[in-house]
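What follows is calculated from the coordinates using simple rules that are stated; it is not laboratory data. Values in this document were obtained by computation on a predicted structure and should not be read as measured data. No Cβ is skipped: glycine too gets one built from the backbone with ideal geometry, and neighbour counts run over all protein chains shown.
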Amino acid sequence: MSTVVTLSGSPSARSRSDGLLQRASHLLQSFGVTVKPFSLSDFPADALVYAHFDHPAIQRLQKTIAEADGLIVSTPVYKSAYSGSLKLLLDLLPERALSHHAVLPLATGGSPAHMLAVDYALQPVLTSLKARHILGGIYATDKALSWGEDGELIIAEDISNRLNAAVSRFIAHLPNPGVVQLDPHELNAQIRIGGISV
Ligand SMILES: Cc1cc2nc3c(=O)[nH]c(=O)nc-3n(C[C@H](O)[C@H](O)[C@H](O)COP(=O)(O)O)c2cc1C
């Protein structure tokens, strides 16, 4: 059985990029993947700003990632790149932290002009952490994401379909997919047949 760490890189309490990550997380769980969630709020600002590698919260993240098979990281686009707070956290991971991991990046931004921010900004950092396989990420603009009355993120259909396909590709790239190895068509078919809500 595979284990995946999710890392939410937005400093906002109500976060669109985190909403995308939650959707991906529910999808993983519906296929039997164990998800271990982390977000910036799990880490004291001091530990991030002053690079406290030995802080228990940082150590816990390092250990959980070391024991996992994959990572899904989400971020808002800030100033044409990923969030600075996420960088503070990624800087505290060991050099080969992702060498056994499949990685799926998710990003949201106000403008379609910054859809390549993951490729030119975040991907090099993931590569420097020796990510075993970085899957093509999902970028959604704020226009495609709205908040429902119940506080749930409503995701436009095209983004939702792309996210489903990306998660299924991600599952297929996990080093230890176990019972959850599915191709994108099969996963989409199962979602339709099973009426799975994610
Ligand atoms: C400080 C700041 C900088 C931003 N810079 C950009 C930017 O350069 N390009 C862009 O497309 N959106 C930019 N945005 C918009 C956010 O990326 C967008 O609203 C995103 O969906 C927020 O994600 P979140 O809700 O997960 O924090 C910026 C927002 C903030 C607060």
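In debye, nearest 20: dipole of the chain around its Cα centre with unit charges on the Cβ of K, R (+) and D, E (-)?
With Lys and Arg at +1 and Asp and Glu at -1, about 280 debye.
Got a sec to turn the phi values of the range 91-96 into Karplus ³J(HN,Hα) couplings, 6.51 cos²θ - 1.76 cosθ + 1.60 with θ = phi - 60°, whole Hz, x for Gly and Pro?
5, 8, 8, x, 4, 9
Quick check: from the Cα gyration tensor, does the chain come out rounded (a/c under 1.5), prolate or oblate?
Details: a/c = 1.64, a/b = 1.21, b/c = 1.36.
Oblate shape, in that a/c is at least 1.5 and b/c is the bigger or equal ratio.
Quick check on my link table: of 87/143; 36/143; 63/130; 36/79, which ones sit more than 20 Å apart, alpha carbon to alpha carbon? Intermediate values should be presented prior to the final figure.
Working: 87/143 26 Å; 36/143 29 Å; 63/130 16 Å; 36/79 29 Å.
The answer is 87/143; 36/143; 36/79.
With unit charges on the beta carbon (Lys/Arg positive, Asp/Glu negative), name the residue among 19, 78, 128 whose Cα is farthest towards the positive pole of the charge dipole of the chain.
Farthest along the dipole direction, towards plus: 128.
Using θ = phi - 60° and the Karplus curve 6.51 cos²θ - 1.76 cosθ + 1.60, what whole-Hz ³J(HN,Hα) does each residue of the range 31-45 get, with Gly and Pro shown as x?
10, x, 7, 7, 10, 10, x, 9, 9, 4, 5, 7, 10, x, 4
How large is ³J(HN,Hα), in whole Hz, for each residue of the range 81-89 in order, when computed from phi with the Karplus curve 6.51 cos²θ - 1.76 cosθ + 1.60 and θ = phi - 60°, using x for Gly and Pro?
So the J values, rounded to whole Hz, are 9, 8, 6, x, 5, 5, 5, 4, 6.
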